[in-house]
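Heads up, the thing below is written out as structure tokens.
Bear in mind that the values in this text are calculations on the coordinates, not laboratory data. On a predicted model such as this, the values are computed, not experimentally measured, just so you know. In this analysis, Cβ positions are derived from the backbone assuming ideal geometry, glycine residues included, and neighbour counts consider all displayed protein chains.
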Amino acid sequence: MDRSHARRYVVRHGYVWMQVRDPANHQVVNALPRDQALEVLELRRQQGFCDAARQSVVTGIGHFYLVRLVPDLDPNRVKLGFTTSLEARLAAHRTAAPTAELVRCWPCRATWEAAAIAAATTVGCRQIGPEVFVVGDVEAMRERLDAFFVLMPSATRASQTHPRPTTTPKARPRSEMRFAEMDHLPLSWLPLAPGRPS
């Protein structure tokens, strides 16, 4: 979420930004009182924006899904894709297609998405939008995807051939160092904006 969206998100949830001086660089910045900032962070966690969700993005492990977008009108119109949060993705699809239904999902790595889509759409498919297809037989597509994922290694198990690189511990960010000392937390210190720790 960029800073502009973060500002609107906070206002939309009934909070009012205050103008304070950032102790690090003495610039005037938007900030929230400490108790309100903690409420916003808790709200974000409740909505699924937490360390676990962030970890899924970093590792690239999630689910590949097959969704019927409008089963009551066109049961052969499907959406294929990868997500690290299946519930959130389905909710997002249901804003435009309220009757969308999940046909099946499979544990998947983000790097497999293009190959899975290619495997699923080899026969009897016509692409009508980004990752949206009209298919002749949804069950046949599900079977092709079942066959594809049977051939793939475990999406959740760490690869033995590519061990994770070791990293050195990083210095604590300024938001952690002085968090306890501050009465107000600047927008840039909240994990609503990209690149900021929680």
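Filtered by the rule that a residue be assigned to a loop (DSSP other than H, G, I, E, B) and β-branched (Val, Ile, Thr), the range 109-126 gives Thr121, Thr122, Val123.
Can you confirm whether Phe82 is free of Cβ contacts under 8 Å to residues at least 40 places away in the same chain and among the aromatic types (Phe, Trp, Tyr)? If you could, list the steps in order and put the result at the bottom.
Values: free of Cβ contacts under 8 Å to residues at least 40 places away in the same chain: yes; among the aromatic types (Phe, Trp, Tyr): yes.
Spelling it out, Phe82 is indeed free of Cβ contacts under 8 Å to residues at least 40 places away in the same chain and among the aromatic types (Phe, Trp, Tyr).
The rows are residues; the columns are (1) more than 30 Å from Glu87 (Cβ to Cβ); (2) surrounded by 15 or more Cβ atoms within 10 Å (Cβ to Cβ).
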{"residue": "His5", "(1), (2)": "no, no"}
{"residue": "Gly14", "(1), (2)": "no, no"}
{"residue": "Met18", "(1), (2)": "yes, no"}
{"residue": "Arg21", "(1), (2)": "yes, no"}
{"residue": "Gln27", "(1), (2)": "yes, no"}
{"residue": "Asn30", "(1), (2)": "yes, yes"}
{"residue": "Arg34", "(1), (2)": "yes, no"}
{"residue": "Ala37", "(1), (2)": "no, yes"}
{"residue": "Leu41", "(1), (2)": "no, yes"}
